[in-house]
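Here's the structure, in structure tokens; my notes come after.
The values are calculated or read from the model by the stated rules, or taken from the named source; none is laboratory data. If you're wondering where the values come from, they're calculated on a predicted model, not measured in any experiment. Glycine also receives a Cβ, built like all others from the backbone with ideal geometry; neighbour counts cover every protein chain displayed. For accessibility, only protein heavy atoms count, side chains too; no ligands or nucleic acids. Shrake-Rupley method; radii C 1.70, N 1.55, O 1.52, S 1.80 Å.
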Amino acid sequence: MLDVIMSGGTAPLLPETISLFSVWLLGVSMGLTACTVTCLPFMGTWVLGRGGSNREALFDTGVFVLGRITAYSLLGGLAGALGVWLTHALSGGVGNAFIGAASLGAGIWLLLPARRKAACGAAQRGAGAPPFLLGFSLSMTPCAPLASLLAVCALSGGTLSGVGYGLSFGLGAALTPLLVIVPLLSLFGRNLREGRQWLGKWLRWGAAVVLIAIGLRRLIMLF
């Protein structure tokens, strides 16, 4: 789909100057619509399986959004430096490889033995890696808004301007209903676990299986 606005292997016809605010609005339009539909199966499954506190759910959601902003900034910079080549590369399924690997990693993390409270430092930092990687990889999902962003960055004339457009787009996409939905799902999971210790283990393992299955499916799509 990334080639939907491409024509004959060249950059699409776009205005020579596009404001950062316009790109931000494009990000908002995606964050309020397609982002939620695409990302909820991943992050919703993650928080249900992790079974953390309200604070941990908010932290995971924030780290997920940070991963998306980082990815869009990086993609914007690369598009500014490499031009339309990056658009064609993502059209070839590179995004599915990143998404599949991140989903597999999140599922495997849930299968690992639960960390002790005493070792909370390194454990909590490690717990932030799967949401960040999920957010980063899901930013490479082929869609028309991403194609438009990369086209603008490719025409921007440089890496720094591309990073600026990507950052603006990412900040717009950060305004997503996931900021509310994901913590609510975590609260729902904790209510289910209350007084049912056995259920917590099944939810964790079930979420791990779902994430691994989604990851494998994404990787299979490459062949």
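Side notes on the structure shown:
- A101, sole failed condition from (1) crowded, with 20+ Cβ neighbours inside 10 Å; (2) at pLDDT 95 or above: (1)
- Against the criterion of being of a type in the set (V, I, T), open to solvent by 20 Å² or more (accessible area, probe 1.4 Å), modelled with pLDDT under 75 and farther than 27 Å from L222 by Cβ, T10 does not qualify.
Conditions (1) part of a helix (DSSP H, G or I); (2) more than 21 Å from W24 (Cβ to Cβ); (3) not polar (S, T, N, Q), marked per residue:
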{"site": "F59", "(1), (2), (3)": "yes, yes, yes"}
{"site": "V63", "(1), (2), (3)": "yes, yes, yes"}
{"site": "A71", "(1), (2), (3)": "yes, no, yes"}
{"site": "G80", "(1), (2), (3)": "yes, no, yes"}
{"site": "I99", "(1), (2), (3)": "yes, yes, yes"}
{"site": "A106", "(1), (2), (3)": "yes, yes, yes"}
{"site": "P113", "(1), (2), (3)": "no, yes, yes"}
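- Summed over region 54-96, residues that are aliphatic (A, V, I, L, M) and under 15 Å from L150 (Cβ atoms) total 12.
- Residue among L25, L110, L48 that is over 16 Å from the mean Cα position of the chain (by Cα), farther than 14 Å from S139 by Cα and open to solvent by less than 20 Å² (accessible area, probe 1.4 Å): L110
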